[in-house]
1. With just the Cα atoms defining each centre, how far is the stretch 151-173 from the stretch 29-80? Give it in Å.
2. Suppose the chain between residue 169 and residue 181 were pulled fully straight at 0.36 nm per residue; how much longer would it get relative to their current alpha carbon spacing?
3. Of all DSSP beta bridges in the chain, what percent run antiparallel (nearest 5)?
4. Sorted from largest down, give the three principal axis spans of the alpha carbons of the stretch 83-122, whole angstrom values.
5. Distances over 18 Å make up what percent of all Cα-Cα pairs in the stretch 26-84?
6. Could you list log10 I(q)/I(0) for the stretch 4-112 at q = 0.15 Å⁻¹, which the Debye formula gives when each Cα is one point scatterer?
7. I'd like the FRET efficiency for residue 18 and residue 89, computed as 1/(1 + (r/R0)^6) with the beta carbon distance as r and R0 of 22 Å, rounded to 0.05.
8. Go through [x] 19.6, 62; [y] 17.5, 56; [z] 19.8, 65 and flag the label whose value is the computed Rg and Dmax of the Cα atoms in Å for this structure.
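A short reminder: the numbers here are calculations on the coordinates, not readings from a lab. As the structure is a prediction and not an experimental result, all values here were calculated from the model. Neighbour counts run over all protein chains shown; Cβ positions are idealised from the backbone, glycine included.
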């Protein structure tokens, strides 16, 4: 009989969107943006709400189940959308995460892999830390035999400013447990994720 377990993830963060709108107005005016121009009057409010949305993950309950069948092969969710904000410039970076694990005693509700990605992505981030946080969190709460996370993303701080390296994609990976220590398991993870061996 499968036993379900839940771990509630509460993310209590208050957002003062009214204060953010005032700050957005001051910010845009300081940069010379004419907020009386057609189409711009509501921009500070839209900007404040957009950033509040990008920086606020949804609450969720992490649901795990007994691994009754003793499943011991790779479980991998490919191309989970990643939307985050670079902590250095507060410009978005977007891409996909490939998240997998080798089950031990518990298996995870599959949608929760995407929820964990979202939980860590919806805050000012750097891609390297985001990749490691997802892997470490799954390892700590699920206790699998191995965890693998790869993120591929386009950073607007690279494409819209500075070097303007349009089309450059950043790839980061974190492997833990068997997926790090066993060459065959590592190769299988990268092959199933469709990104080639590292």
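1. 19
2. On the way: separation 12, 0.36 × 12 = 4.32 nm, distance 2.68 nm.
Working it through step by step, the gained length comes to 1.6 nm.
3. Working: 36 of 38 bridges.
Here the antiparallel bridges make up roughly 95 percent for the chain.
4. 42, 14, 14
5. On the way: 1103 of 1711 pairs.
Here the tail beyond 18 Å accounts for 64 percent of pairs.
6. At q = 0.15 Å⁻¹ the computed log10 ratios are -0.82.
7. 0.35
8. Computed from these coordinates, Rg and Dmax of the Cα atoms in Å corresponds to label [z].
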